[in-house]
Every structure is written in C-alpha cells, then in structure tokens.
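Notes follow once the structure below has been shown.
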Amino acid sequence: MQRPIKTYTLEEATRKMEHYCAYQERCHLEVKQKLIAMKMIPEIIDVITVHLIEHNFLNEERFAKAFVRGKFRIKHWGKGRLSFELKKKDIGKTNINKALAEIADDEYIEVFNNLTEQKAETLKETNVLKKRKKFIDYFLYRGWESHLVYDKAYQIIK
C-alpha cells in the first residue's frame, strides 16, 4: 500500500520555503530542487522563487559569501575548490569573485602554511617522492593553487 503524495497549496509551499531559507542560507538551485521534490509545477516554482527573492529570503551573493566563509574556515578549502563548488550550484561568476574577495590574502596564506606544516608531520611515507606526491595530491584536491602547493612541497619535503 502506497502512501498518498503530500500536496501543498501555494501559501503552504511559500511558508515552508520561507522557513527553509530562513534556517540556513540557500541558493536558487537548492530551492528549485526542494520545490521539485515537493511536486510543485514550474509556474508555481517561479512564483515562489520570486517571492523569496523579493522578501530577501533568497540572495545568491549572500549565499556565496556565507558558503565561502564556512568552507574556508571549517574545511580549509582553497579558492579553486570553493569556486568549483559554487559553479556546481549555478552561482554567477560575479558573485563567486565577490565571495572569494572576502578572504584576506594574509589569512589565506597563513591558513595554507599552518595546514602544510600539519600535513607534512602526519605523512608517514619514507620515500620522498611518494611523500611529496601524497602531499601535493592532498592540497590540490582541496583546491589550493598549484604554484603554492608545489613550492611548499619542495620546500618542506626533502
């Protein structure tokens, strides 16, 4: 026996999405996916999205800045990974650049240097080339710029 599909009126769906956006910063793509999951028709999705933007529940620039701050401070992602993840969420290049500009250059380099020191200590590999490769792969995956990573790898791992 299948459960009946929950349906929402325009008002119910709007209130639900207001709460969804107020709880945490969201991008347009996340809101659209949520509304599609709620079985809303495309016209209603557009109406609700416009309502959320007009009432400042949804703001892509604010989302991008919050995303960058959080992922940089908590997960220590580099600018490459941050930019990639925002592009996956259909955030515009202008908003991505504004968000990345929020990271101070000196803070960015300081975090990178601290991470590299920690990572170099934790690598147990005895072969210098393998150790250097693991080090480089680790930081490139996290989106740190290749020139920083390679310079630091050859500086630290000898």
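Could you tell me which numbered condition Lys39 fails, if it satisfies all but one of (1) in a loop (DSSP other than H, G, I, E, B); (2) in contact with a helix residue (DSSP H, G or I) (Cβ under 9 Å, 6 or more places away or on another chain); (3) of a type in the set (D, E, K, R)?
(2) is the only condition that Lys39 fails.
Restrict the check to segment 119-132 and report whether at least one residue is of a type in the set (Asp, Glu) and at pLDDT 95 or above.
The answer is no, given that none of the residues of segment 119-132 is of a type in the set (Asp, Glu) and at pLDDT 95 or above.
Check segment 46-60 and report whether any residue there is in contact with a Lys or Arg (Cβ under 6 Å, 6 or more places away or on another chain), modelled with pLDDT of 95 or more and not small (Gly, Ala, Ser).
no
If I filter segment 1-36 down to residues being part of a loop (DSSP other than H, G, I, E, B) and polar (S, T, N, Q), which single residue comes out as farthest from Asp90 (Cα to Cα)? Give the steps one after another, and end with the answer.
Our first condition is that a residue be part of a loop (DSSP other than H, G, I, E, B); within segment 1-36, this holds for 1-9, 24-27.
In the following step, the residues that additionally are polar (S, T, N, Q) were identified as 2, 7, 9, 24.
Values: Gln2: 35, Thr7: 28, Thr9: 28, Gln24: 18 Å.
Here the residue is Gln2.
Being more than 19 Å from Phe72 (Cα to Cα) and not acidic (Asp, Glu) narrows it down to one of Lys93, Lys130, Lys119, Lys88, so name that one.
Exactly one of Lys93, Lys130, Lys119, Lys88 is more than 19 Å from Phe72 (Cα to Cα) and not acidic (Asp, Glu), namely Lys130.
Any idea which of (1) in contact with an Asp or Glu (Cβ under 6 Å, 6 or more places away or on another chain); (2) under 17 Å from Arg142 (Cα atoms) is the one Phe63 doesn't satisfy?
Answer for Phe63: the failing condition is (2).
Quick one: in segment 133-158, which of the residues that are more than 25 Å from Val68 (Cα to Cα) and basic (Lys, Arg) is modelled with the lowest pLDDT? Break it down into steps so the answer makes sense when it comes.
Here is the first cut: in segment 133-158, the residues more than 25 Å from Val68 (Cα to Cα) are 133-134, 153-158.
Checking which are basic (Lys, Arg) leaves us with 133-134, 158.
Working: Lys133: 96, Lys134: 95, Lys158: 82.
Filtering segment 133-158 for residues that are more than 25 Å from Val68 (Cα to Cα) and basic (Lys, Arg), the one modelled with the lowest pLDDT comes out as Lys158.
Considering Lys134, Lys119, Lys124, which residue is part of a loop (DSSP other than H, G, I, E, B) and free of Cβ contacts under 8 Å to residues at least 24 places away in the same chain?
Checking each option against the conditions leaves just Lys124.
Just to be sure before I move on: is Lys16 in the same structural domain as Ser83 (by TED's automatic domain parsing) and either within 30 Å of Gly80 (Cβ to Cβ) or not polar (S, T, N, Q) (or both) in the structure I sent? Reasoning before the result, please.
Working: in the same structural domain as Ser83 (by TED's automatic domain parsing): no; either within 30 Å of Gly80 (Cβ to Cβ) or not polar (S, T, N, Q) (or both): yes.
Here the answer is no, as Lys16 does not meet what is asked.
Kindly provide the set of residues from segment 138-158 that are part of a helix (DSSP H, G or I) and either of a type in the set (S, T, N, Q) or closer than 13 Å to Gly78 by Cα (or both), ordered by number.
Result: Tyr138, Phe139, Leu140, Tyr141, Ser146, His147, Leu148, Val149, Gln155.
What do you reckon, is Lys131 within 30 Å of Arg26 (Cβ to Cβ) and out of contact with any Pro (no Cβ under 8 Å at 6 or more places or on another chain)?
no
The values are calculated or read from the model by the stated rules, or taken from the named source; none is laboratory data. Everything quoted here is computed from the prediction, not taken from an experiment. When we count neighbours, we look across all protein chains shown, and the Cβ atoms used for this are built from the backbone with ideal geometry, even at glycine.
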